[in-house]
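To keep things clear, I will list the structure first and then write my remarks on it.
The values are calculated or read from the model by the stated rules, or taken from the named source; none is laboratory data. The structure displayed is predicted, hence computed values, not measured ones. Cβ placement follows ideal geometry from the backbone for every residue including glycine, while neighbour counts extend to all protein chains displayed.
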Amino acid sequence: MAELALRGGKKTFSGFWPAWPVYGEEDEQALVDVLRSRNWGGYPAPNQRAREFAAAFAAAHDARYGICAANGTVTLEVALRACGVKAGDEVIVTPYTWIATAGAPVTVNAVPVFADVDPDTYCLDPAAVEAAVCERSRAIIAVHLGGSLADLDALVEIADKHDLVLIEDCAHMHGAKWRGKGVGSHGQLGSFSFQSSKLMTAGEGGIILTSDEELEQRCQSHVNCGRKEPGYDRFEGLVFSGNYRMTEFQAALLQVRLGHLERERVLRQAHAEYLDGLLAEVDGVRPMARDERTTHPACYQYIFRYDPEAFGGASRDRFVEALCAEGVPADGDFYVPIYRSPLFPITADRFPAIRERYGERIDPERIDCPVAEKAAYREAVWLHHPLLMADKAEIDAIAEAIRKIAEHADELRE
Ligand SMILES: Cc1ncc(COP(=O)(O)O)c(C=O)c1O
């Protein structure tokens, strides 16, 4: 008689995990208030609630300015445009992230250059970044991934040394701080997403943070069809752009959600660290490293490392299947290295700047990121943050399910 649920055994957990997103009466009231105000859109830009929310979110992350936008894809594009990244420039990016991170350079006709990630954090490896710098490099986009921050000390140093712009992609990291200072405020610009799965959400939405007044004005202009509103005297001329504005409905929800962020961050983090402790006792799984410079950690995805050797050689994907069957929703290939993604068919006929570095298309075989490849295809297991908002007994159930699979690894054979 099989033990694993995958083989017909009893599930470890058959209850319900917390739903996401969460909302309450305050959220309902905020939306009704916007509805009744008839002031729904993003224009005049920034509109009232978007302006208030941007100021509060920026202050919470120790930046001077916030610029609201439609999502966390266009925020990256606007950030690059605002600092003048253009055709032929190179932007060093991590491959282990959502495609928007490397898509942003492509949309401004720059060239994404993939640098490998650190095996302990899955964030950009500073040594790989340094090795990727050349005379065409203009910017670095670092992603703070899952529950780990990129090494901001090292990345700021490299950016300063080579006169590069550092953009932090904080789509996973609302509320986190490095050495007591908010993410998104260490580089020249920070970008956040408020898409449905994120730690703060309005369904869709994004924000750019900066402490540089000229960059702030340029970003405001880019988000608002290239308009140059009165007072935008920090830069010359007009820019061609589009409508990337946030609605007042989104801003109103986010104002309420910001009030809950710190409490939720602390709860998720306490459970993430509790789970670290439980997993440390199971052979063959390893939590990501914790860095004490991350004074306020946040956790969008709890990621741990899987070692097939300890599970009779079963693949990571087979393990994930078994974990899901036990009642613990998990993901393996949450991200593939971007240069291998079918959503990233970047060819030189459409994006000519690509030709010089990659030939007619971005060829995965010419890119060397073994750590990202291992994480994506063989090692990383992802648990979405709402699981961490459950009770401690449910966190115990996650570890119990993993322990059970380890004990019955022979049943993983296909
Ligand atoms: C790391 C990262 N960057 C950028 C984005 C893009 O954000 P959005 O979905 O709001 O466009 C996402 C989100 O999906 C993300 O996870």
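Going by what's in this entry, would residue 226 be described as surrounded by fewer than 20 Cβ atoms within 10 Å (Cβ to Cβ) and not in a loop (DSSP other than H, G, I, E, B)? Considered against the rule, which asks whether it is surrounded by fewer than 20 Cβ atoms within 10 Å (Cβ to Cβ) and not in a loop (DSSP other than H, G, I, E, B), residue 226 comes out as no. Scan segment 151-192 for residues that are under 19 Å from residue 268 (Cα atoms), of a type in the set (Gly, Ala, Ser) and either within 16 Å of the ligand (Cβ to nearest atom) or buried (at least 22 other Cβ atoms within 10 Å of the Cβ) (or both) and the total you get is 4. Residues in segment 304-314 that are in a loop (DSSP other than H, G, I, E, B) and touching a helix residue (DSSP H, G or I) at 6+ places or on another chain (Cβ under 6 Å): 312, 314. Kindly indicate whether any position in segment 134-144 is away from the ligand (no atom under 16 Å from the Cβ), farther than 22 Å from residue 195 by Cα, in a helix (DSSP H, G or I) and among the small types (Gly, Ala, Ser). Scanning segment 134-144 turns up no residue that is away from the ligand (no atom under 16 Å from the Cβ), farther than 22 Å from residue 195 by Cα, in a helix (DSSP H, G or I) and among the small types (Gly, Ala, Ser). Among the residues of this structure, residue 364 counts as one that is under 28 Å from residue 125 (Cα atoms) and surrounded by 16 or more Cβ atoms within 10 Å (Cβ to Cβ). Of everything listed in (1) over 24 Å from residue 116 (Cβ atoms); (2) not in a helix (DSSP H, G or I), the single unmet condition for residue 322 is (2).
Those helices (runs of 4 or more DSSP H) of segment 20-121 in which at least 3 residues are over 23 Å from residue 236 (Cα atoms), away from the ligand (no atom under 16 Å from the Cβ) and under 24 Å from the mean Cα position of the chain (by Cα), considering only elements entirely within it, cover 48-60. When we screen 67, 92, 99 for residues that are surrounded by fewer than 24 Cβ atoms within 10 Å (Cβ to Cβ) and at pLDDT 95 or above, the only hit is 99. Residues considered: 250, 195. Of these, the only one that is closer than 30 Å to residue 383 by Cβ, within 14 Å of the ligand (Cβ to nearest atom) and assigned to a helix (DSSP H, G or I) is 250. Exactly one residue out of 203, 231 is small (Gly, Ala, Ser), surrounded by fewer than 22 Cβ atoms within 10 Å (Cβ to Cβ), without any contact (Cβ under 8 Å) to a residue 24 or more places away in the chain and under 23 Å from residue 42 (Cα atoms): that is 231.
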